[in-house]
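> Questions regarding the structure given below will be posed in turn.
Every read-out reported here was derived from the displayed coordinates using simple, explicitly stated rules and does not represent laboratory data. In this text, all values refer to a predicted model and were calculated from it rather than measured experimentally. Don't worry about glycine lacking a Cβ; one is built from the backbone with ideal geometry, like all the others, and counts go over all protein chains shown.
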Amino acid sequence: MNIGVSCYPTYGGSGMVATELGQFLARRGHEVHFISYDIPRRLDTSQKGIYFHKVDVTEYPLFQYPPYSLALSVKIAEIAETYRLDIMHAHYAVPHAVSSCMAKQINKKNTSRTITTLHGTDITLVGSNKAYYSLIKYCLENTQGATAVSHFLKEETITRFSLSREVRCIYNFIDPQRFMKKEVPSSLSKLIPPGRKVLMHISNFRPVKRVMDQVEIFNLVQKEMPATMVFIGDGPDRGPVEEQCRRLDLDKDVIFHQGGGDVAALLSGADVFLLTSETESFGLAALEAMSCEVPVVSTRVGGVPELVDDGVNGFLCPPGDIEFMADRTLALLKDDGMRQDFALQGREKVLKEFDIEKKGVEYERFYQEILDA
C-alpha cells in the first residue's frame, strides 16, 4: 500500500503514535509518506519506505495567522495524486482530518481512502468548542474510516457528535523492545542522591495535566520519607510548577529535565510514575512507564482504567484527591515487594495487549478492510 500520514511533529501522544505506526508499516513493506510542517521528532527518515514532505506556509501581511490547514490541504492533494496514495491517515481531527477531507475536494483524481484517528483532546476539548463542532462532525461523517485510541474515547465521540457510523477502537501501543528497563543515563542518575526513591512525571505541562497537584503530592511524600521528584518535559505550566516548588522549599529535591533522547532510560530511573490529569483519553506516558516496569499512580479518568488495573499494576484515584494519591504513592515507595510485583504485572500487560506488533497489524487489516469496502 501507499500510505499518507498527517500528524503533529512535536512531542505529544498523537504524533508519537503516528510516527511509530508509519515506521512499523514501512518495515512491513508499505510506502509511507509523512506530511507535516516539520519532521516528526521520532521519525527516522533514513528508513527504507519512509518519505517526508514539508508543508510550506506562505507568510502574508494580510493574514494575522498563517493558514496552515489550507496549505496542508493542498500538499495532501498533491502527494495523494503524485504518489497514488491508497490510504490517507489523519491523526487528530484538527487540522489533519479537516485538511484530508478538503484535499479530496480539491483534486477529484485523489482516490485515496481517508482514515481519521482520534487521540483525545481533539474530541474532549477542541470538539467541545462550538466554533469547531460542526466542522469536526462533518469530517467524521465523511471520512471512510474512523478509529479512537480507547473505548472511552470511542463512546465519547459517538455520543458528543451523535454519530451513526462505526468508530473502531484500536488502542495506542508501544514497542516493548524499545521501552524496557534500561541503565539510567548519567545526566539523570548523578542528580539523584544514593538510596532515594524517585517519583516521575512526563508531559507537555498543559493545564489539563494538573501538574501542580504533583507538587502537593510530593510535598506530602517528603514529610514521610526522603525522595526525589523528576519532571520531564516542557509547556505552559512548567514555570508555575517551578515557582511552587520553590515556595514549598522543595526545589532542592526536584529535578526538571527537558526530555529527549532515550525516554525509556529516563523512565527506568523511577520508582513510581505519577499521572494527575483531569481527563486522559488513553495515557500513553503511563503505558511507557509500565513497559519500563514502573508502577503508575493515576487519576481514574477517561481511558486510563483500560490500561492501569487498580491494585494490580498501579493505583487509580479520584481526580484532585491529593492526600489519597500521596497515600497510594507512599504505599508503593515503602513496600519494595509490592512495587516489584506491580512492575512485573504492568510489563506483562503491555506485552499481552499493547505491543506494536499486534496493534500495527490491526491497523494494517483495518486499512485493507476500508480499501475492500
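> By how many degrees, between 0 and 90 and to the nearest 10, does the Cα long axis of helix 238-247 differ from the longest principal axis of the chain?
10 degrees
> Return the tail of the calculated pair distribution for segment 126-251, meaning the percent of Cα-Cα pairs more than 24 Å apart.
Numbers: 4212 of 7875 pairs.
Every Cα pair in segment 126-251 considered, those over 24 Å come to 53 percent.
> How far, in nm, would the chain grow between Gln177 and Met338 when pulled straight, counting 0.36 nm per residue and subtracting the alpha carbon separation?
Working: separation 161, 0.36 × 161 = 57.96 nm, distance 2.44 nm.
Gain on stretching Gln177 to Met338: 55.5 nm.
> Using only C-alpha positions, report the orientation-averaged shadow area of the convex hull of the chain, nm², one decimal.
Approximately 19.1 nm², given one-decimal rounding.
> Based on other C-beta atoms within 10 Å, arrange Tyr37, Tyr65, Tyr92 from fewest to most.
Details: Tyr37 16, Tyr65 6, Tyr92 25.
Result, fewest neighbours first: Tyr65, Tyr37, Tyr92.
> In addition: Rounded to the nearest 0.05, what FRET efficiency do Cys169 and Glu243 give with R0 = 45 Å and r taken as the Cβ-Cβ distance? Could you check?
Numbers: r = 40 Å, r/R0 = 0.89.
It comes to 0.65.
> Could you derive backbone 3J(HN,Hα) for segment 17-24 from the dihedral phi with the Karplus parameters 6.51, -1.76 and 1.60 (θ = phi - 60°), listing whole Hz in sequence and x where the residue is Gly or Pro?
5, 4, 5, 5, 5, x, 5, 5
> Enumerate the amide H contacts of Arg168 below 5 Å, restricted to partners 5 or more residues apart or on another chain; note that Pro and chain-start residues carry no placed amide H.
Ala146, Thr147, Ala148
> Continuing with this model, one more query. Step through the table entries Lys48/Lys358; Lys209/Lys349; Lys209/Lys352; Lys108/Lys352, compare each Cα-Cα distance with 32 Å, and write down the pairs that go over it. All intermediate terms of the calculation are to be shown ahead of the outcome.
Working: Lys48/Lys358 21 Å; Lys209/Lys349 24 Å; Lys209/Lys352 28 Å; Lys108/Lys352 43 Å.
Pairs exceeding 32 Å: Lys108/Lys352.
> Compute the FRET efficiency between Tyr83 and Asp372 as 1/(1 + (r/R0)^6), taking r as their Cβ-Cβ distance and R0 = 22 Å, and round to the nearest 0.05. If you can, show how the numbers build up before the last one.
On the way: r = 21 Å, r/R0 = 0.95.
For R0 = 22 Å, the calculated efficiency reads 0.60.
> Sticking with this one: With the dipole of segment 186-353 worked out from charges on the C-beta (+1 for Lys and Arg, -1 for Asp and Glu) around the Cα centre, which of Gln214, Ser203, Ile232 lies farthest toward the positive end?
Ranked along the dipole, the leading option is Ile232.
> With +1 on the Cβ of every Lys and Arg and -1 on the Cβ of every Asp and Glu, and nothing else charged, how large is the dipole of segment 203-288 about its Cα centre, in debye rounded to the nearest 20? Please report the intermediate quantities before stating the final value.
Details: 8 positive and 15 negative charges, 26 e Å.
Rounded to the nearest 20 debye, it is 120 debye.
> Right, something else. Using a Debye calculation, one point per C-alpha and no hydration shell, please list log10 I(q)/I(0) for segment 1-58 at q = 0.18, 0.20 Å⁻¹ in order.
Computed log10 I(q)/I(0) values: -0.51, -0.63.
> Can you give the relative contact order of segment 186-353 as a percent, counting alpha carbon pairs under 8 Å and 6+ residues apart?
Numbers: 287 pairs, mean separation 37.9, N = 168.
Worked out over segment 186-353, it gives 23 percent.
> So, one more: From the P(r) of segment 186-353, could you give the percentage of C-alpha pairs in the tail past 28 Å? Could the numbers behind the result be given before it?
Values: 1577 of 14028 pairs.
When all Cα pairs of segment 186-353 are counted, 11 percent exceed 28 Å.
> Here's something else I'd like to know. Which FRET efficiency value, to the nearest 0.05, is calculated for Thr10 and Asn107 with the Förster distance at 25 angstrom and r the Cβ-Cβ distance?
0.35
> Right, here's the next one. Regarding segment 116-193, what's the average projected area of the Cα-atom convex hull, expressed in nm²? Let's see the in-between values first.
Working: hull surface 32.9 nm².
Spelled out: convex hull of the Cα atoms, projected over all directions, averaged, 8.2 nm².
> Using modelled amide H (1.01 Å from N, peptide plane; none on Pro or chain starts), what sits under 5 Å from the amide H of Lys197, excluding residues fewer than 5 places away?
Excluding prolines and chain starts, which carry no amide H, the hits are Thr228.
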